[in-house]
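The values are calculated or read from the model by the stated rules, or taken from the named source; none is laboratory data. These figures come from a predicted structure and were not determined experimentally. Quick reminder, even Gly has a Cβ in these numbers, built from the backbone with ideal geometry, and neighbours come from all protein chains shown. These area figures cover heavy atoms from the full protein model, side chains too; ligands, DNA and RNA do not enter into them. Shrake-Rupley method; radii C 1.70, N 1.55, O 1.52, S 1.80 Å.
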Amino acid sequence: MKRVLSADFFEFRKSNLFYIVPIIAVVLGFILPMLYFGLFALLNYLSGFEQLKNNPEFSAALSSLDSILTVLNSKSVFLSTLPMSQGFGVVIIGIMGFKAVRPFGTGIYRNKIIAKIPRGQIYVSESVVCVVAAEVSMIIYTVTSALTSLLAFGKMEITGREILTVCVLSVSVYMFYTAVAVYTAFFSRSVPLTLVISILLPVLTQTIISFVSPVIMSAPEVTAYIMTALPSFQCIYMASANAPDAVLIIAPLADILWTVLLTAAGAAHFRKKDIN
Amino acid sequence: MAAEADVFTEKTDTEFLFSTEGITKKYKLTTANDGISVSVPRGRIIGFVGENGSGKTTFLRLLTGLSYPTSGSFKFHTESGKCRIGAIVETPAYHPSMSAEDNLRFQAKLCGIDESKVPEMLKTVGLQDTGKKKARFFSLGMRQRLGIGIALLSDPELLILDEPTNGLDPQGIIELREFLKQLCRVKKITLMISSHILSELSLLADDYLFIHKGKLVKSISAEDLFRDMGKQIRFRCEEDPSGVFPGVLQKNGEWYVLSGPFDYPSLLEKLSKLGVTDLETGTETLETRYMSIIYGGERA
């Protein structure tokens, strides 16, 4: 296993993705908060028009602009860039799916099998490299986003507890969705299908969860804890950086369990199938 | 056609590298390999011959562990019962965004081989001057050599090359052939090479396995094969010659083909009675021999 991991990390270090992924993380980590900053500047500019405020037709709209302006600060902007469905998450999961499926085309998995590397090890090693790459790039993105939000909007009032919540949930959710992307890659062996599923799955599940979350939140506490086992639901806590203690334990444990199950299922499937 | 055959039946078990027993691979609608049983001798160059879709690549996939047989088994006659295999199946596998050196270093790490072997292997396959050039910018010949370098790095006992001359120019084909001959001579590895370019294969192989519609139809040493290949006479005539040459005549369009050896006085007498309009003589080629084996009803 050590040999395969060493070879796979070497391969990743030598590949273009090693440079492309951090660049994307930095660029998106900068652009997304700056878009909010642009919106903030525009709203600020509009709210400065006294004539519009005195006009009854516009006053209602401007008062809602004021309320938006009050919530737009470095912390809210930073947190709003974190969920998986917000730009970077789906991009990096798509890239990791591509990274996992590409060796079917280049024949690298074929070479590994011919070199008598057990198929289970091939699958696990690829998963580990993808998860590590996704986590590292997520950290780069998060730090860039935090710094940009700080520079654009000024002081960020965030507690250690909130940072811990963001860190725990981000690491755990990225791990799960990367495992999904790797599973899809090995199951489908198709680049387009892997990209579509890797990108759409986080977006769709989070959209559905965002619709049902108000109902869940108002349901008995136990229901919310059960739902915490779903990575898409964890993104809601991630966006608010506010989660009960139990969530910080249940969420990573659930995601580790999902990831292990997915990896075991993927490796078992890969072991059985013929390779072209 | 017989499905069971040995390349050298007089050899002992230790002289064989591997044997297969009734290897069968079925897909939903087709049977790609149908009960192939063969023993392959060590240190020889085996030409694996068959038309497109005859089941050559499927057999090589099964041998390398890329696919699983529906039934049957492989047995490697080594101490461990395992065999170090290097292979290029269909196309050479490499990282397009990595240099030749990095591709070999990757393979060395994967196989747990000392990376100090990499420069030597680059030299062996003639890619020592490629520097940091990425493999995606290599010519077809260079890619083929890189694939062979990757396959050879683990010091294989069995090297499998599936259609290695595909896409190569004449110069590349000659270079590859000379390289493989030298390789087998120096390293004493068993080379299994599949191709449907028989003229090319005839310059390389020591033994031949003929496969047709998933079945092994003949296994023969090059020596025996070429000894059998004799003179041929092609002719066109006014009369139907099948009565004069019962069971030995092949038809190729308007031409009739007779394979030697001949009793010339008797032959000429028979031909003169048929009203022959055109007559050509020549030596049987591997292609005609192949056609005769596959379609001519010859048995293993």
| remark: Heavy-atom accessible area of the stretch A:155-221 with neighbours in place, 1.4 angstrom probe: carbon+sulfur share in percent works out to 78
| note | Here the equivalent ellipsoid of the protein assembly as shown, derived from its Cα gyration tensor, has semi-axes (largest first, whole Å) of 67, 24, 23
| Set of aspartates and glutamates near B:Lys133 by C-alpha distance (under 19 Å), chain-local residues within fewer than 8 positions excluded | A:Glu11, B:Glu101, B:Asp102, B:Glu120
| request: Grab the Cα-Cα distance for A:Lys273 and A:Asn55, subtract it from 0.36 nm times how many residues apart they are, and report the gain in nm with one decimal. | output: 71.5 nm
| Environment charge of A:Gly266, counting only residues whose C-beta is closer than 14 Å and scoring Lys/Arg +1, Asp/Glu -1 | +4
| Using 1/(1 + (r/R0)^6) with R0 = 51 angstrom and r between the beta carbons of B:Glu90 and A:Thr70, what's the FRET efficiency to the nearest 0.05? | 0.20
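Suppose R0 equals 45 Å; then what is the FRET efficiency for B:Asp278 and A:Lys116 from their Cβ-Cβ distance, rounded to the nearest 0.05?
0.20
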| Could you state the number of Å between the C-alpha centres of the stretch B:125-202 and the stretch B:40-115? | 13
| Roughly what % of DSSP beta bridges within chain B run antiparallel, to the nearest 5? | 65
| said: Restricting the calculation to Cα positions, tell me the Rg (one decimal) and the Dmax (whole number) of the stretch A:2-272 in Å. | reply: 21.3, 78
| Burial order of peptide ranges A:196-208, A:11-23 (average beta-carbon count within 10 Å, highest first) | A:196-208, A:11-23
| note | On the accessible surface of the stretch B:87-202, probed at 1.4 Å with all protein chains in place, carbon and sulfur together account for a percent value of 50
| Between the stretch A:170-221 and the stretch A:7-43, what's the alpha-carbon centroid distance in Å? | 21
| request: Evaluate the relative contact order of chain B (contact order divided by residue number), counting alpha-carbon pairs under 8 angstrom at least 6 apart; express in whole percent. | output: 23
| note | Inter-chain shielding metric for B:90-100, i.e. average beta-carbon neighbours from other chains within 10 angstrom, reads 5
| Say R0 is 45 Å: what FRET efficiency, to the nearest 0.05, do A:Ile31 and B:Lys26 get from their beta-carbon distance? | 0.25
| said: Using just the Cα positions, wrap chain B in a convex hull and report its mean projected area in square nanometres, one decimal place. | reply: 18.6
| field | Spin-label model distance (nm) - A:Val260 vs B:Asp129, 7 Å beyond Cα toward Cβ | value | 5.6
| field | Highest-first arrangement of B:95-107, B:180-192, B:271-283, where packing means the average Cβ count within 10 Å | value | B:95-107, B:180-192, B:271-283
| query | For chain A, modelled as a GNM with alpha-carbon contacts under 10 angstrom, which of A:Ala41, A:Ala152, A:Ala133 fluctuates the most? | reply | A:Ala41
| query | Which net charge results for the neighbourhood of B:Pro164, defined as the other residues with beta-carbon distances under 15 angstrom from its beta-carbon, given Lys and Arg at +1 and Asp and Glu at -1? | reply | -2
| message | Taking each residue in A:102-108, count the Cβ atoms of any other chain within 10 Å of its Cβ, then average. What number comes out? | response | 5
| query | Of the beta bridges DSSP finds with both residues in the protein assembly as shown, what % are antiparallel, to the nearest 5? | reply | 65
| task | Of the listed pairs A:Lys112/B:Lys28; A:Lys273/B:Lys134; A:Lys112/A:Lys273, which have alpha-carbon separations greater than 20 Å here? | result | A:Lys112/B:Lys28; A:Lys273/B:Lys134
| message | Just to confirm, what accessible area per residue do you get for the stretch B:13-226 at 1.4 Å probe, in whole Å²? | response | 41
| remark: Averaged over residues of A:16-24, the number of beta carbons from other chains lying within 10 Å of each residue's Cβ is 1
| query | Once a ≥ b ≥ c are taken as the square roots of the eigenvalues of the Cα gyration tensor of the stretch B:63-163, is the result rounded (a/c under 1.5), prolate (a/b larger than b/c) or oblate (a/b not larger than b/c)? | reply | prolate
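Normalised by the residues of the stretch A:89-219, what does the relative contact order come to in percent, with Cα pairs under 8 Å and at least six apart?
Across the stretch A:89-219, relative contact order equals 47 percent.
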| Burial ranking of peptide ranges A:255-262, B:87-94 (average Cβ count within 10 Å, highest at the top) | B:87-94, A:255-262
